[in-house]
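Accompanying notes for the structure given below.
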Amino acid sequence: MSDFNPTLTLKERAEVALNDEFLRNAVKFTTQKLRTGKKVASDELGNWEDWRERARAIRLHTIAHLDYYLGEFIKNARANGVHVHIASNAEEAVDITMKIAASKEAKSVAKSKSMVSEELHINHALEQQGIEAVETDLGEYIIQLAGETPSHLIIPAIHKNKQQVADLFSEVSGETLPADTKVLAGFARAKLREKFLEADIGMTGCNFAIAETGSMVLFSNEGNARMVSTLPKTQITYMGMERIIPSLEDLEVMATMLPRSATGQKLTVYMSTITGPRRAEDSDGPEEMHIIIIDNGRSEQLGDPEFQEVLNCIRCGACLNACPVYRHVGGHTYGWVYSGPIGAVLTPRLNQDMEKWGEVAYASSLCGACHEACPVKIPLHDMLVYIRRQKVEEGYTPSTERMAFKGFKYVMSDYRRFKRSMKLGKIGQKFVAKDGVIKSKMGPLKGWNTYRDAPTMAEESFRESWSKLDWELSRDTPSMDPEILKRMNEAIAKRGKNK
Ligand code: SF4
């Protein structure tokens, strides 16, 4: 599957993914590996559930007092010499970025991985101003060359194989590169090193922002975030407004949970804590540092009893790896920046557009595996049900579905109607059933029957079987308490009258 196609519906995007055998195998293989890694790392820690409780408590407390901690963070970051900007939406964040870039007469930008910057489509905006933006995380670099968006929170190019990467890199290098991991990684390293050195601005995301010190924390495995945040003279950090944690002490808990949940590592290879721009005594670092704190729909979740907890997310990706739907269709099916169960909640909620995005909440079996996997215990499956309810209440369900449920209610609210519909169903199924299953791919059963067979209705209904069982019980159980037998027979007689 190439990328999100806005002209396709969720169902159509899922079809494309399901027909891509390589994508399905690659996503299944990698998510399984990540899940195994997480299990080993959490078992090794010993008291995982206690850590989960602690991490959840920190996030709940922080989000409940977000105004206070944001205020503390801004005050301390400014005291550290950082320029702090607030953007209420993506357009404002892009505007602020462009003003900074213009003031520096920037020609090129080196970026490390940042999901919030994907919300802004910042690369596109920079390119329109003639500024080259280069992703320096290897996975992000691959998908940037392919003109795609990330298909996993942690492994953006999860859906690509070595040959596809070799083809993309060969186009850049002008020579045919073999599908060999070492060769391809070596090519990217050499190419990106030039970009780090040339860049006028370094751009990063922010895993956590510490209110007490005004610092921001970056986790990475490739070292590119460190290069991006030290080599260019100007640094811009994008930060979702919920990234705050109160203190360094809380970072210990988050640094224990995030890498273990994301990749099964005890700690990522690099963890950088950046507290302001370069000082006189520092050997490296940016001369000027900006942090853009981005709302973009997040404050709408605050105070909402059903959704506030979604702001607790630490973007580890564990819910994606656990989700049976994501594991089949990968990330692009979800249509926006975030995928998997967290994407199915964030997409309609941050965009505040139930008509366009409400359908992604249906990309879930509601099995609860996401909740089980989540290191901060976000009840994602409950939120998905609330979004479905919201979509129905706002009238964004197809008229056929509304009619079907009205019909269902009409039939189910009266036993005689129910009985008649069962009779009709039994007659109707004769036209579409074969060998005890319905294989027809027509009408409302099409979606279901494309991948599985629906069983036919039983020749004898449960009520019919039950009536016989009552009769057999009364006849075949002479030792039954006569009083109970009498009451049972009375109940049977009464029900017979109601039929
Ligand atoms: S919802 Fe939980 S599991 Fe999913 S990305 Fe966020 S923190 Fe990780």
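Observations, loosely collected:
- Any helices (runs of 4 or more DSSP H) falling wholly within the stretch 19-88 and containing at least 3 residues that are assigned by TED's automatic domain parsing to the domain that holds R278, open to solvent by 40 Å² or more (accessible area, probe 1.4 Å) and hydrophobic (A, V, I, L, M, F, W, C): 48-64
- Residue pairs meeting the criteria (Cβ under 9 Å; at least 6 apart or on separate chains; first under 26 Å from T30 (Cα atoms), in the stretch 264-275; second polar (S, T, N, Q) and part of a loop (DSSP other than H, G, I, E, B)): Q265/N221; T268/N221; V269/N221; Y270/N221; M271/N207
- Those residues of the stretch 363-403 which are part of a helix (DSSP H, G or I), more than 17 Å from Q301 (Cα to Cα) and away from the ligand (no atom under 16 Å from the Cβ), in sequence order: V392, E393, S399, T400, E401, R402, M403
- Scanning the stretch 8-18 for residues that are in a helix (DSSP H, G or I) and of a type in the set (A, V, I, L, M, F, W, C) yields L10, A14, V16, A17, L18.
Residue by residue, here is whether (1) closer than 20 Å to M239 by Cβ; (2) out of contact with any Pro (no Cβ under 9 Å at 6 or more places or on another chain) holds:
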residue	(1), (2)
M271	yes, no
P277	yes, no
D282	no, yes
G285	yes, no
H290	yes, yes
N296	yes, yes
D304	no, yes
N312	yes, yes
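- Candidate set from the stretch 107-118 (those that are open to solvent by 10 Å² or more (accessible area, probe 1.4 Å) and of a type outside the set (K, R)); member that is farthest from I342 (Cα to Cα): S108
- Test for C323: is it in contact with a His (Cβ under 8 Å, 6 or more places away or on another chain), within 13 Å of the ligand (Cβ to nearest atom) and touching a residue at least 40 places away in the same chain (Cβ under 8 Å): no
- Flag for M271 being open to solvent by 40 Å² or more (accessible area, probe 1.4 Å) and assigned to a strand (DSSP E or B): yes
- Test: residue in the stretch 398-420 that is surrounded by 12 or more Cβ atoms within 10 Å (Cβ to Cβ), modelled with pLDDT under 95, among the polar types (S, T, N, Q) and over 20 Å from K11 (Cα atoms): no
- Positions within the stretch 89-106 being open to solvent by less than 20 Å² (accessible area, probe 1.4 Å) and within 27 Å of the chain's Cα centre (by Cα), in sequence order: A90, A93, T97
- Candidate set: the stretch 214-234, residues that are free of Cβ contacts under 8 Å to residues at least 60 places away in the same chain and of a type in the set (V, I, T); chosen: the one farthest from A185 (Cα to Cα): V217
- Among residues of the stretch 280-294 being assigned to a loop (DSSP other than H, G, I, E, B) and touching a residue at least 24 places away in the same chain (Cβ under 8 Å), the one that is surrounded by the most Cβ atoms within 10 Å (Cβ to Cβ) is P286.
- Within the stretch 299-320, the set of residues being in a loop (DSSP other than H, G, I, E, B), more than 10 Å from the ligand (Cβ to nearest atom) and either assigned by TED's automatic domain parsing to the domain that holds A211 or open to solvent by 10 Å² or more (accessible area, probe 1.4 Å) (or both) comprises S299, E300, L302, G303, D304, P305, E306.
- Count of the stretch 328-362 residues, restricted to those that are acidic (D, E) and either within 16 Å of the ligand (Cβ to nearest atom) or part of a helix (DSSP H, G or I) (or both), is 2.
- Whether a residue is at pLDDT 95 or above, touching a Pro at 6+ places or on another chain (Cβ under 8 Å) and open to solvent by less than 20 Å² (accessible area, probe 1.4 Å) was assessed, and G214 does not pass this test.
- Consider the stretch 346-369 and keep the residues that are open to solvent by less than 60 Å² (accessible area, probe 1.4 Å) and among the polar types (S, T, N, Q). The one that is farthest from E119 (Cα to Cα) is S364.
The values are calculated or read from the model by the stated rules, or taken from the named source; none is laboratory data. Everything numeric here is computed off the predicted structure, so don't read it as measured data. Counting neighbours? That spans all protein chains shown, and the Cβs are built from the backbone with ideal geometry, glycine included. Accessible surface is based on the protein model in full, side chains and every heavy atom, while ligands, DNA and RNA are left aside. Shrake-Rupley method; radii C 1.70, N 1.55, O 1.52, S 1.80 Å.
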